[in-house]
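J.: Structure in structure tokens, see below.
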Amino acid sequence: MQPAKEAAVHIARLNRTLRPGAKAPIRIVHLGLGAFHRSHQAWYTHRAGDAEDWGIAAFTGRRPDAALALAEQDGLFTLVERADGGDSFEVVGSIVEAVDGADVQRLAELVGAPRTAVVTLTVTEAAYRLGSDGQLDRGAPDVVADLALLASGRGNPTTPLGRLVFALAARRASGAGPLAVVCCDNLSSNGTVAHHATAGIAGAWDPSLAAWIEDNVSFVSTSVDRITPRTTDADLAAVEASCGYRDTSPVVAEPFANWVLSGDFPAGRPRWEDAGAVFVADIEPYENRKLWLLNGAHSLLAYAGQLRGHATVAEALADPLCRKAVERFWDEAESNLRGPEENPADLQIPAYREALLARFGNARIAHHLAQIAMDGSTKLRMRAVPVLHAERAAGRSGAAAALLIAAWMDYSAAAAAFQDPLADQVAAANGLSGAERIRALLAVVDPALAGDAAVVRLIEDLCGRFGAPAVSP
Ligand code: CS2
């Protein structure tokens, strides 16, 4: 029997236990069917007390593969919770339809359906096409192409945000009423970012659609957290050995999961709080804690660690030079974190830092630094730039945040495969030398910093700290 067929048979058996009645109706549409969606939002929905009312239709991004594989298993997949002490397995049943993202007509049909109440997004930080001014970069080639397709009406948009806008037009046309768009990408004020990107595309296509979106779509901000490395063949084998069936689409994640949300759900939502999600009025402190402490340290380890020859987060953290850089960065970030208005003491930074060390040190999770290193120009804007600005505003140097940026610069010049939406600009900047190179690279990340001669000097001085060449060959 073909592996996928075998899985289908086993999973169909599981299905009868998991879904004794009819499948949950589709009320959530997701864009960005990848490992993180499955370990996070799909798992929270599966664990919600009213899960039987909330099915997810999940669309892939660039390729259909994940949807095809999952559809063969009727949307079911195994979540492997990988703790230091061992694995535990759970079959997740909340995805009731898995669709190739290119099927924009199906997307429009589902978003336009009155029953659909929520659209969730994990489309990567870079997909929002933010310029360094924080607004939609209308000159980005794929945005330009999508706007032309939308305007001509003779083709389907290809970017996630273009597709979302197309589907929202269908919702307006069907008169299905308001709904919530929930951004689950690692960006500060991610609801606002999704709002700006959506409004930017809609406004350039059809101002009356942009006005409808303004009145009918609630953009919810969230802070999402669960370390989920890419699934490997060894993971498939581990599921088969322990569970007795061949799942082609398992997902491996750490036991820890966190979801903080802020915003309105005009057409309702699952009881995600049953699975531990938290709803707050003031989300910024939680976002900053997560983006600066977890993601900031991740990026630092990704660049410094690879420059030092390490491959995974756990390996890099075990290197005293990297560990010290992380602790210093955390000290700087911590001095700029404020507690939430409703509960100022809730951030509990020392415990959070302690927990992060344990999470990063979980050597059973092979979290590859190369995966984290991607799209650095966007990620640094959330993870390093705000800390550096805050430090300098407080009259301090911000050397630890500057070191993270310097490590990214060194990595950008040394990496064999440098993946970034602004890779061309980065390569051009790396063709320069000395302070000019630093200024040009900084301009890619944050023009204000590039205009600050003291920051340029500081970063120039910090380049090479992890043993890489300060200038490209
Ligand atoms: C990582 C995140 O790849 C990256 O940039 O920092 O995916 C990180 O693992 C998650 O945000 C953890 O919740």
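J.: Go from 0 up to the bin containing the longest alpha carbon distance in the range 3-279, width 10 Å each, and give me the % of pairs per bin.
T.: 7, 30, 36, 20, 7, 0
J.: Say R0 is 35 Å: what FRET efficiency, to the nearest 0.05, do Ser208 and Ala145 get from their beta-carbon distance?
T.: Values: r = 23 Å, r/R0 = 0.65.
The formula returns an efficiency of 0.95 here.
J.: Lysine pairs in the chain with Cα distance under 30 Å, only those 8 or more apart or on different chains: how many are there?
T.: Details: Lys5/Lys23; Lys290/Lys324; Lys290/Lys379; Lys324/Lys379.
So the count of such lysine pairs works out to 4.
J.: Still on this structure, I have one more. What is the packing order of peptides 33-39, 166-172, 433-439, taking the mean over residues of other C-beta atoms within 10 Å and listing the highest first? Don't jump to the answer; show the numbers that get you there.
T.: Details: 33-39: 24.1, 166-172: 22.1, 433-439: 16.7.
Per-residue mean Cβ counts within 10 Å order the peptides as 33-39, 166-172, 433-439.
J.: Can you tell me the length gained on complete extension of the stretch Ser152 to Asp53, counting 0.36 nm per residue apart and subtracting the Cα distance? Numbers along the way, then the final one.
T.: Details: separation 99, 0.36 × 99 = 35.64 nm, distance 3.83 nm.
Result: 31.8 nm gained on full extension.
J.: Per-residue ellipticity at 222 nm for the chain, helices alone: DSSP H runs ≥ 4 residues times -39500 (n - 2.57), over residue total, nearest 500 deg cm²/dmol? Write down the numbers at each step before the final one.
T.: Numbers: 23 runs with 230 residues, N = 473.
That calculation yields -14500 deg cm²/dmol at 222 nm.
J.: Could you work out, for the chain, what percent of all Cα-Cα pairs fall into each 10 Å distance bin, beginning at 0 Å and stopping at the bin that holds the largest distance?
T.: All Cα pairs, binned at 10 Å, distribute as 4, 20, 29, 27, 16, 4, 0 percent.
J.: Now for a separate question. Please give the net charge around Asp319, taking every other residue with its beta carbon less than 15 angstrom from that of Asp319, where Lys and Arg add +1 and Asp and Glu add -1.
T.: Details: positive: Arg308, Arg323, Lys324, Arg328, Arg465; negative: Glu315, Glu327.
Value of the local net charge: +3.
J.: Using the Cα gyration tensor of the range 330-473, with a ≥ b ≥ c the square roots of its eigenvalues, what is the shape: rounded (a/c below 1.5), prolate (a/b larger than b/c) or oblate (neither)? Before the final figure, lay out each step's value.
T.: Working: a/c = 2.16, a/b = 1.37, b/c = 1.58.
Here the range 330-473 falls in the oblate category.
J.: Could you give the nm distance between label points at Ala358 and Asp215, where each point is 7 Å from its Cα heading toward the beta carbon?
T.: Once both label points are built, they end up 5.2 nm from each other.
J.: Then there is this: Counting DSSP beta bridges with both partners in the range 95-248, what percentage is antiparallel, nearest 5? All intermediate terms of the calculation are to be shown ahead of the outcome.
T.: Values: 1 of 9 bridges.
Of those bridges, close to 10 percent are antiparallel.
J.: Between the range 268-284 and the range 165-236, how many Å separate their Cα centres?
T.: Centre-to-centre distance over Cα atoms comes out at 17 Å.
J.: Rounded, prolate or oblate: pick one for the range 280-382, where a ≥ b ≥ c are the square roots of the eigenvalues of its C-alpha gyration tensor, a/c under 1.5 means rounded, and failing that, prolate if a/b is larger than b/c, else oblate. Spell out each step's value before the answer.
T.: Working: a/c = 2.13, a/b = 1.75, b/c = 1.22.
Prolate, since a/c reaches 1.5 and a/b exceeds b/c.
J.: Treating only the Cβ atoms of Lys and Arg (+1) and Asp and Glu (-1) as charged, compute the dipole magnitude of the chain about its Cα centre; round to the nearest 20 debye.
T.: Working: 43 positive and 56 negative charges, 89 e Å.
I would put it at about 420 debye.
J.: With everything on Cα atoms, drop me the angle between helix 296-307 and the longest principal axis of the chain, reported from 0 to 90° to the nearest 10.
T.: Taking the Cα atoms of the chain, the angle to 296-307 is about 70 degrees.
J.: Mind pulling the angle between the C-alpha long axis of helix 349-361 and the longest principal axis of the chain? Nearest 10 degrees, somewhere in 0 to 90.
T.: 80
J.: Using Cα pairs closer than 8 Å and at least 6 residues apart in sequence, work out the relative contact order for the chain, in percent. Spell out each step's value before the answer.
T.: Values: 897 pairs, mean separation 67.2, N = 473.
Relative contact order here is 14 percent.
J.: Next question, about the same structure. Output wanted: per-residue J couplings in Hz (rounded whole) for the range 376-387, from phi through Karplus 6.51 cos²θ - 1.76 cosθ + 1.60, θ = phi - 60°, x for Gly and Pro.
T.: My calculation for the range 376-387 gives x, 4, 6, 4, 4, 4, 9, 9, 10, 4, x, 5 Hz in order.
J.: Beta carbons within 10 angstrom, averaged per residue: use that to sort the peptides 273-282, 100-109, highest first. Walk me through the intermediate numbers first.
T.: On the way: 273-282: 15.1, 100-109: 18.5.
Result, highest mean Cβ count within 10 Å first: 100-109, 273-282.
J.: Moving on to the next point. Work out, step by step, the length gained on full extension between Cys243 and Arg396: first 0.36 nm times the residue separation, then minus their alpha carbon distance; give nm to one decimal. Don't skip to the answer; put the middle values down first.
T.: Values: separation 153, 0.36 × 153 = 55.08 nm, distance 5.44 nm.
Here the segment from Cys243 to Arg396 would lengthen by 49.6 nm.
J.: Given all pairs of different Cα atoms, what value in angstroms does the Kirkwood hydrodynamic radius of the range 112-261 take? Each step should come with its number before you reach the end.
T.: On the way: mean 1/r = 0.0582 Å⁻¹.
Kirkwood radius, the range 112-261: 17.2 Å.
J.: Still on this model: Going by the alpha-carbon gyration tensor, a ≥ b ≥ c the square roots of its eigenvalues, is the range 103-160 rounded (a/c under 1.5) or, if a/c is not under 1.5, prolate (a/b greater than b/c) versus oblate? Provide the component values of the computation, followed by the final result.
T.: On the way: a/c = 2.72, a/b = 1.36, b/c = 2.00.
Oblate.
J.: Starting from the range 304-380, pick out the trypsin sites (Lys or Arg not before Pro) whose DSSP state is loop and whose Cβ has at most 14 other Cβ atoms within 10 Å. Spell out each step's value before the answer.
T.: Values: sites: Arg308, Arg323, Lys324, Arg328, Arg338, Arg353, Arg359, Arg364, Lys379; in loops: Arg308, Arg338, Arg364.
Answer by residue number: Arg338, Arg364.
J.: Still on this structure: Contour minus end-to-end for Asp84 and Glu436, with contour as 0.36 nm per residue of separation and end-to-end as the Cα-Cα distance? Present the calculation step by step, with values, prior to reporting the outcome.
T.: Working: separation 352, 0.36 × 352 = 126.72 nm, distance 4.61 nm.
Stretched fully, the Asp84-Glu436 segment lengthens by 122.1 nm.
Any read-out appearing in this document is the output of simple, stated calculations on the displayed coordinates, not a laboratory observation. Nothing here was measured: the structure is a model prediction, and the numbers come from that model. No Cβ is skipped: glycine too gets one built from the backbone with ideal geometry, and neighbour counts run over all protein chains shown.
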